[in-house]
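Notes follow the structure.
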Amino acid sequence: MAFDFYKGEILLVDKPATWSSFQAVNKLKHAIKYHPSLVVEGQKVKPKIGHAGTLDPLATGLLIVCTGKKTKTINDLMGLEKEYTGTFVLGATTPCFDLEKPADLFFPTEHITEDLIRSAAESFVGVQQQVPPLFSAVMVDGKRAYELARAGSDHVLSSREINISEFTVTRIALPEVDFKIVCSKGTYIRSIARDFGLALQSGAHLSALRRTRIGAFKVEDALSPSEWAEKVQ
């Protein structure tokens, strides 16, 4: 397959756990650096590359990476519907709502039934207001929210409108609850974990997350950053 990274390519990347989105993009940027398509009219041009929507380091799954003139489509791609699968753990919360930090608060779960769990999931479907996690890349007064959080700030972020079109519980093995969620741009699944715990009059945090789809783009068609680096070279 012939690549033209100057005119632009859309690469579907399956981001591994513990990799940041920046690391995944940087791996590809290094791989295409000397590609012949980046020699234009006899002159070497720098690779233009970016991704259409960050994934947290502990999350895995689909990351859309655009190169060259295709980077102009990034904003449109970011607006597409997202699909995730993952696991909530009930009865405990963490400061960042996932496993990047240890659990700090614990709550009862004896009252939680399967019917209560499924009813709570159904209540999340639709347009609603969501408060992003403080440990996130949301901008606050010119700084990233996670920078404020690491400095010890307890700043409360403003809510934003999101839409959850599907919230399916796929497995219940308390304290774990597996799910599939289809949602709009800007939805934080970690915040859903927090709010899901509150809806159950308990606590919850995210222990696993995988992005399986963005619009019509599917993770089954994606390659890992290392596989892409080998393929384009």
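The values are calculated or read from the model by the stated rules, or taken from the named source; none is laboratory data. Just so we're clear, the structure is a prediction, and the values are computed from it rather than from any experiment. Ideal geometry is used to build each Cβ from the backbone, glycine not excepted, and the neighbour counts take in all protein chains shown. What goes into the accessible areas is simple: the full protein's heavy atoms, side chains included, and nothing from ligands, DNA or RNA. Shrake-Rupley method; radii C 1.70, N 1.55, O 1.52, S 1.80 Å.
For the stretch 42-82, enumerate the residues that are open to solvent by 10 Å² or more (accessible area, probe 1.4 Å), part of a strand (DSSP E or B) and aliphatic (A, V, I, L, M).
Correct list: 49 only.
How do the pairs read when you match residues in the stretch 19-32 that are under 13 Å from residue 227 (Cα atoms) with residues anywhere that are open to solvent by 80 Å² or more (accessible area, probe 1.4 Å), using Cβ under 7 Å and keeping only pairs 6 or more apart or on different chains?
31/233
Determine which single condition residue 130 fails, assuming it passes every other condition in (1) touching a helix residue (DSSP H, G or I) at 6+ places or on another chain (Cβ under 9 Å); (2) farther than 25 Å from residue 60 by Cα.
Of everything listed in (1) touching a helix residue (DSSP H, G or I) at 6+ places or on another chain (Cβ under 9 Å); (2) farther than 25 Å from residue 60 by Cα, residue 130 misses just condition (2).
The conditions are (1) under 13 Å from the mean Cα position of the chain (by Cα); (2) open to solvent by less than 40 Å² (accessible area, probe 1.4 Å), and residue 35 fails exactly one of them. Which is it?
Evaluating residue 35 over (1) under 13 Å from the mean Cα position of the chain (by Cα); (2) open to solvent by less than 40 Å² (accessible area, probe 1.4 Å) leaves (1) as the failure.
Being farther than 20 Å from residue 133 by Cα, of a type in the set (A, V, I, L, M, F, W, C), in contact (Cβ under 8 Å) with a residue 12 or more places away in the chain and in a strand (DSSP E or B) is the filter here, so list the residues in the stretch 169-194 that pass it.
169, 172, 177, listed by residue number.
Quick check on my filter: what residues within the stretch 195-222 are open to solvent by 10 Å² or more (accessible area, probe 1.4 Å) and in a helix (DSSP H, G or I)?
195, 198, 199, 219, 220, 221
Quick one: how many residues across the stretch 104-143 are at pLDDT 95 or above, outside any strand (DSSP E or B) and more than 15 Å from residue 183 (Cβ to Cβ)?
14
Can you confirm whether residue 9 is touching a strand residue (DSSP E or B) at 6+ places or on another chain (Cβ under 8 Å) and open to solvent by 10 Å² or more (accessible area, probe 1.4 Å)?
yes
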